Amino acid sequence: MSSSEKTYEFHAKEDFLEKLEELVESGIDKKNLSTLTPFHVHEVEHILETKPSALRFFTLVGALSGFFLSFVFIIFTVLDWPLITGGKPLISIPAFIIVSFECTILFGGIVSMIGFLHLSRLPDIKKIVNPRECGNQFIIIQEQVGGDK
């Protein structure tokens, strides 16, 4: 199977979106279309129906692990070095909520950053700068596979 590319270049966002809709309506597979834009264009996501990122699962796992690990750490610390004051219980959940919330945010943020680097396949110096950088143009790249020419 041979593959080649067909490129469409536009200076106006409206012309770019019209051509992209035309290509999708003509039956071209959305997986064979890619776009390069000078800024984020939300309409492209709706036209190509992109799926949500998996980064949210990294954030969820990090936040939950931060919450539970902070509770485990606090309870271990309280039981290992008890401070008995005025008959108050050693394990007092309301007092631990603030620290657990902070650890939830901290771990969620750290694991999100690690997940972002993993999903982006960074740091890969060769892919940081796109060799097809196009300045202020809106570009549609249609990959043609086999007999789709």
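The values are calculated or read from the model by the stated rules, or taken from the named source; none is laboratory data. Predicted model, so just to flag it, every value in this text is computed and none were measured. Neighbour counts are summed over all protein chains in view; Cβ atoms, including those assigned to glycine, are modelled from backbone coordinates with ideal geometry.
Some points to look at:
- In region 19-57, residue surrounded by the most Cβ atoms within 10 Å (Cβ to Cβ) [restricted to those that are within 20 Å of GLN144 (Cα to Cα) and among the acidic types (Asp, Glu)]: GLU21
- Selection within region 98-141: residues that are modelled with pLDDT of 90 or more, over 24 Å from the mean Cα position of the chain (by Cα) and surrounded by 12 or more Cβ atoms within 10 Å (Cβ to Cβ). The member of this set that is farthest from ALA63 (Cα to Cα) is VAL99.
- Condition met for GLY147 (at pLDDT below 90 and closer than 30 Å to GLU22 by Cα): yes
- Hits in region 49-98 - residues which are of a type in the set (Gly, Ala, Ser) and free of Cβ contacts under 8 Å to residues at least 60 places away in the same chain: GLY62, ALA63, SER65, GLY66, SER70, GLY86, GLY87, SER92, ALA95
- All of GLU102, GLU25, GLU9, GLU49 fail the test of being closer than 21 Å to ASN136 by Cβ and not small (Gly, Ala, Ser), apart from GLU9.
- Taking the listed residues THR77, THR7, the one that is out of contact with any Gly (no Cβ under 7 Å at 6 or more places or on another chain) and under 25 Å from CYS134 (Cβ atoms) is THR7, with no other qualifying.
- So SER4, is it touching a residue at least 12 places away in the same chain (Cβ under 8 Å), more than 12 Å from PHE138 (Cβ to Cβ), surrounded by fewer than 13 Cβ atoms within 10 Å (Cβ to Cβ) and among the hydroxyl-bearing types (Ser, Thr, Tyr): yes
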